[in-house]
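> Below is the structure I would like to discuss, written out as structure tokens.
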Amino acid sequence: MARTRRAPSPLNSRTTAPAHSSALNAARRSRELDALAARTEPVDLLVIGGGVTGAGFALDAASRGLSVVLAEAHDLAFGTSRWSSKLVHGGLRYLATGDVAVARESAVERHLLMTRVAPHLVRSLPQLLPFVPSVSAKQRVFGGVGMGLGDGLRMLARTPASVLAHPRRIGRDEALRLAPALRREGLRGGVLAHDGQLVDDARLVVALARTAAAHGATVLTRMRVTNAGADEATLTDALGGGSLRVRARVVVNAAGVWAGELDPGIRMRPSRGTHLVLDAAALGHPSAALTVPHPGSISRFVFALPQQLGRVVVGLTDEDAPGPVPDVPEPQDAEIDFLLRTVSSALERPLGRGDVLGAFAGLRPLIDTGGDGATADISRRHHVAVSGSGVVNVLGGKLTTYRAMARDAVDLACRHAGLVDPGCRTAELALVGAPASAVPVASLGVPGGEQPRARAPHESPAWLTARFGAEASAVLERAHCDRPADRIAPGLDITRAEIEFAVLAEGALDVDDVLDRRTRIGLVAADRERANAAVAEIVEAAMARLG
């Protein structure tokens, strides 16, 4: 097939704000499916996969003025992207393995996320290595040295200390104030450092997809891709039925752990990372993350990470996960016991199975390099290449470096297809909701339906601002539902308006999308049960408004 060069659209130039809406919903999906079916010209890029890699690729390409279709078999952030520790790592761990390039790249990407791209979604998280008796002298020394090296990476990336503070030694009293559940006997303070933490990993993916949509990308969930070749693929609609053949100048495989199902030439070696969900009260409502070394290790740790909704997440493991890739991986009993045992070594009261409110596991999309070593030793470098079938594969990598992966992949796709390339602009492009974003706050006006009730402006709750940034007040003020500021269920800091917003602006198509990926209520089965009926009622009403 002859390659067609295409100039970037003026709409998406570096100086012009997006003219498309950032709102993703069922009505937009229907319109864009119709437009795609009627299209006679190939799109520039068809990207397969709606995780952080695919969404990041779609944004990068659309912001360069390329026509982009993203197809996801399930929902945004359905796979690995929602099962992370929600840390935006500065790369310290990779220094320990000698992978200086990945360490530096991680620090630079963390800097961009925290200062330009998504400062509303990423905050500085204090991390405490406690000097308790179970942490050996060697682990204390190497931990302190490692945190010092991590600060060197921060400086190399030019992240100011006002964003990520210098590491420092702290005393016993301060350690207990930050982590009240620490073991008292033998506690000698600790070392306190800082890293980046996402309020939610799935929310980052949704923000990427919405920002891509604001730049003209077509984002289609519940759309399974089969028979993918170098310049076309079949898209099957899991909702309305039927299928269409989409032609593209480049097809991009960003399917993560499922990449081998699209390209048999790919060899993946997924590793499983398991986390536990605890009530923050079980650890005394900590304000810092605990960093507890694996027994006998100086480079691997178990973290107890404060999260939204009054939870603490304990993780994580790194275990081989051979065999067919499941839609939702399951934590293993041995991993749960290991996490409880390791973090309990630093606590006054050991944790047990009764403290576990929920557990989840994700599969890292690691590339099989043919070795028989542990998965923890496999490089986290990303791999971008044109396969023998002509498909551009985007493999490996990690959440923190999604933007660099996308940049490299779009660069390659443009060269491969002979597309005019104005260059990557995502290092300066703020996501929807960021204070400096050029993407306007989503309108919740529904075509053919009633307009939202006029509501007086008021200060948004802190938790709402943490999840929505500059959009927080609009989520409440432009809501259609009754009692928009009320909590969806007692004890859950999620408003009724957020549920509606998920359907009208964030691409949620059913109750599971809302519970499991837009709000994360579903991480705890008891929370899910309490909220399910109210969520279902709001979702049904919002879908009816969309027609």
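> So, R172, is that one among the charged types (D, E, K, R) and touching a residue at least 40 places away in the same chain (Cβ under 8 Å) or not? Steps first, answer last, please.
Numbers: among the charged types (D, E, K, R): yes; touching a residue at least 40 places away in the same chain (Cβ under 8 Å): no.
Answer is no for this residue.
> Among the residues of region 113-130, which ones are surrounded by fewer than 24 Cβ atoms within 10 Å (Cβ to Cβ) and over 19 Å from S85 (Cα atoms)?
Passing the criteria: T115, R116.
> For region 483-498, give me each residue that is surrounded by 12 or more Cβ atoms within 10 Å (Cβ to Cβ) and either of a type in the set (D, E) or closer than 19 Å to A281 by Cβ (or both).
As a first pass, look at region 483-498 and keep what is surrounded by 12 or more Cβ atoms within 10 Å (Cβ to Cβ): 484-489, 492-498.
Hits for region 483-498 are D486, R487, A489, L492, D493, I494, E498.
> Across region 330-352, what is the number of residues that are surrounded by fewer than 13 Cβ atoms within 10 Å (Cβ to Cβ) and under 28 Å from the mean Cα position of the chain (by Cα)?
4
> Further, regarding this structure: Which one of the conditions (1) over 23 Å from T236 (Cα atoms); (2) modelled with pLDDT of 95 or more; (3) touching a strand residue (DSSP E or B) at 6+ places or on another chain (Cβ under 8 Å) does A58 fail to meet, given that it meets all the rest?
Result: A58 fails condition (1) only.
> Another question, if that's okay. Scan region 63-108 for residues that are touching a Gly at 6+ places or on another chain (Cβ under 6 Å), part of a helix (DSSP H, G or I) and not β-branched (V, I, T) and jot them down.
If the condition is that a residue be touching a Gly at 6+ places or on another chain (Cβ under 6 Å), part of a helix (DSSP H, G or I) and not β-branched (V, I, T), then S81, L92, A103, S106, A107 are the ones that fit.
> Which residues, counting only those in region 258-269, are among the aliphatic types (A, V, I, L, M) and in a helix (DSSP H, G or I)?
Initial filter on region 258-269 (among the aliphatic types (A, V, I, L, M)): 259, 262, 266, 268.
Scanning region 258-269 gives A259, L262.
> Something else now. Quick one: H215 ticks every box in (1) over 24 Å from the mean Cα position of the chain (by Cα); (2) within 26 Å of L431 (Cβ to Cβ) bar one, so which box is it?
Checking H215 against (1) over 24 Å from the mean Cα position of the chain (by Cα); (2) within 26 Å of L431 (Cβ to Cβ), the one that fails is (1).
> In region 174-225, which residues are more than 30 Å from E261 (Cβ to Cβ), among the hydrophobic types (A, V, I, L, M, F, W, C) and touching a helix residue (DSSP H, G or I) at 6+ places or on another chain (Cβ under 9 Å)? Reasoning before the result, please.
Of the residues in region 174-225, the ones more than 30 Å from E261 (Cβ to Cβ) are 174-197, 199, 214.
From the residues that got through so far, the ones that are among the hydrophobic types (A, V, I, L, M, F, W, C) too are 175-176, 178-179, 181-182, 187, 191-193, 199, 214.
Answer for region 174-225, where residues must be more than 30 Å from E261 (Cβ to Cβ), among the hydrophobic types (A, V, I, L, M, F, W, C) and touching a helix residue (DSSP H, G or I) at 6+ places or on another chain (Cβ under 9 Å): A179, A181, L182, L187, V191, L192, A193, V199, A214.
> May I ask you to list the residues in region 161-186 that are surrounded by fewer than 20 Cβ atoms within 10 Å (Cβ to Cβ) and part of a loop (DSSP other than H, G, I, E, B)?
Answer for region 161-186, where residues must be surrounded by fewer than 20 Cβ atoms within 10 Å (Cβ to Cβ) and part of a loop (DSSP other than H, G, I, E, B): A161, S162, V163, A165, H166, G171, P180, R183, R184, E185, G186.
> Looking at (1) hydrophobic (A, V, I, L, M, F, W, C); (2) under 27 Å from R110 (Cβ atoms); (3) surrounded by fewer than 22 Cβ atoms within 10 Å (Cβ to Cβ), find the lone condition where L153 falls short.
It is condition (3) that L153 fails.
> What about G241, is it free of Cβ contacts under 8 Å to residues at least 24 places away in the same chain and out of contact with any strand residue (DSSP E or B) (no Cβ under 6 Å at 6 or more places or on another chain)?
On the way: free of Cβ contacts under 8 Å to residues at least 24 places away in the same chain: yes; out of contact with any strand residue (DSSP E or B) (no Cβ under 6 Å at 6 or more places or on another chain): yes.
So G241 passes the test.
> Still on this model: For the subset of region 271-297 comprising residues that are in contact with a Ser or Thr (Cβ under 9 Å, 6 or more places away or on another chain) and among the β-branched types (V, I, T), which member is farthest from L347 (Cα to Cα)? Before the answer, list the steps.
Looking only at region 271-297, we keep the residues that are in contact with a Ser or Thr (Cβ under 9 Å, 6 or more places away or on another chain), and these are 271-275, 292-296.
Okay, now just the ones that are also among the β-branched types (V, I, T), so 274, 292.
Numbers: T274: 20, V292: 10 Å.
If we take residues in region 271-297 being in contact with a Ser or Thr (Cβ under 9 Å, 6 or more places away or on another chain) and among the β-branched types (V, I, T), then T274 is farthest from L347 (Cα to Cα).
> Tell me which helices (runs of 4 or more DSSP H) are completely within region 460-547 and hold 1 or more residues being of a type outside the set (F, W, Y), without any contact (Cβ under 8 Å) to a residue 24 or more places away in the chain and touching a Pro at 6+ places or on another chain (Cβ under 9 Å), or say none if there are none.
Details: elements: 462-468, 472-477, 496-504, 525-546.
In region 460-547, 472-477, 496-504 are the helices (runs of 4 or more DSSP H) which contain 1 or more residues that are of a type outside the set (F, W, Y), without any contact (Cβ under 8 Å) to a residue 24 or more places away in the chain and touching a Pro at 6+ places or on another chain (Cβ under 9 Å).
> For region 311-321, give me each residue that is small (G, A, S) and in a strand (DSSP E or B).
Of all residues in region 311-321, those small (G, A, S) come to 315, 321.
G315, the sole residue that qualifies.
> Which one of these is in contact with a Lys or Arg (Cβ under 9 Å, 6 or more places away or on another chain) and surrounded by fewer than 23 Cβ atoms within 10 Å (Cβ to Cβ): R203, R222?
R222
> Now a separate question. Looking at region 477-501, which of its residues are among the aliphatic types (A, V, I, L, M) and under 24 Å from the mean Cα position of the chain (by Cα)? Explain how you work it out, then say what you get.
In the first step, residues of region 477-501 are kept if they are among the aliphatic types (A, V, I, L, M); the result is 479, 485, 488-489, 492, 494, 497, 499.
Within region 477-501, I488, L492, I494, A497, I499 meet the criteria.
> Are any residues in region 238-279 within 14 Å of V225 (Cα to Cα) and β-branched (V, I, T), and if so, which ones?
Result: V246, V251, V252.
> Among the candidates G186, G171, G148, single out the residue that is more than 26 Å from the chain's Cα centre (by Cα), on the phi > 0 side of the Ramachandran plot and not assigned by TED's automatic domain parsing to the domain that holds E32. Spell out the reasoning first.
Details: G171 fails: on the phi > 0 side of the Ramachandran plot; G148 fails: on the phi > 0 side of the Ramachandran plot.
Step by step, each of G186, G171, G148 is checked, and only G186 is more than 26 Å from the chain's Cα centre (by Cα), on the phi > 0 side of the Ramachandran plot and not assigned by TED's automatic domain parsing to the domain that holds E32.
> Quickly run through region 503-512 and pick out the residues that are over 15 Å from the mean Cα position of the chain (by Cα) and farther than 20 Å from G491 by Cβ.
Let us first name the residues in region 503-512 that are over 15 Å from the mean Cα position of the chain (by Cα), namely 503-505, 507-512.
Of everything in region 503-512, those that are over 15 Å from the mean Cα position of the chain (by Cα) and farther than 20 Å from G491 by Cβ turn out to be V503, L504, A505, G507, A508, L509, D510, D512.
> Using the structure shown, decide if R224 is closer than 24 Å to H416 by Cβ and not assigned by TED's automatic domain parsing to the domain that holds D355.
Numbers: closer than 24 Å to H416 by Cβ: no; not assigned by TED's automatic domain parsing to the domain that holds D355: yes.
Criteria not met by R224.
The values are calculated or read from the model by the stated rules, or taken from the named source; none is laboratory data. The shown structure was predicted, so the numbers you read here are calculated from the model rather than taken from an experiment. All Cβ positions, even for glycine, are placed from backbone atoms using ideal geometry, and neighbour counts span all protein chains on display.
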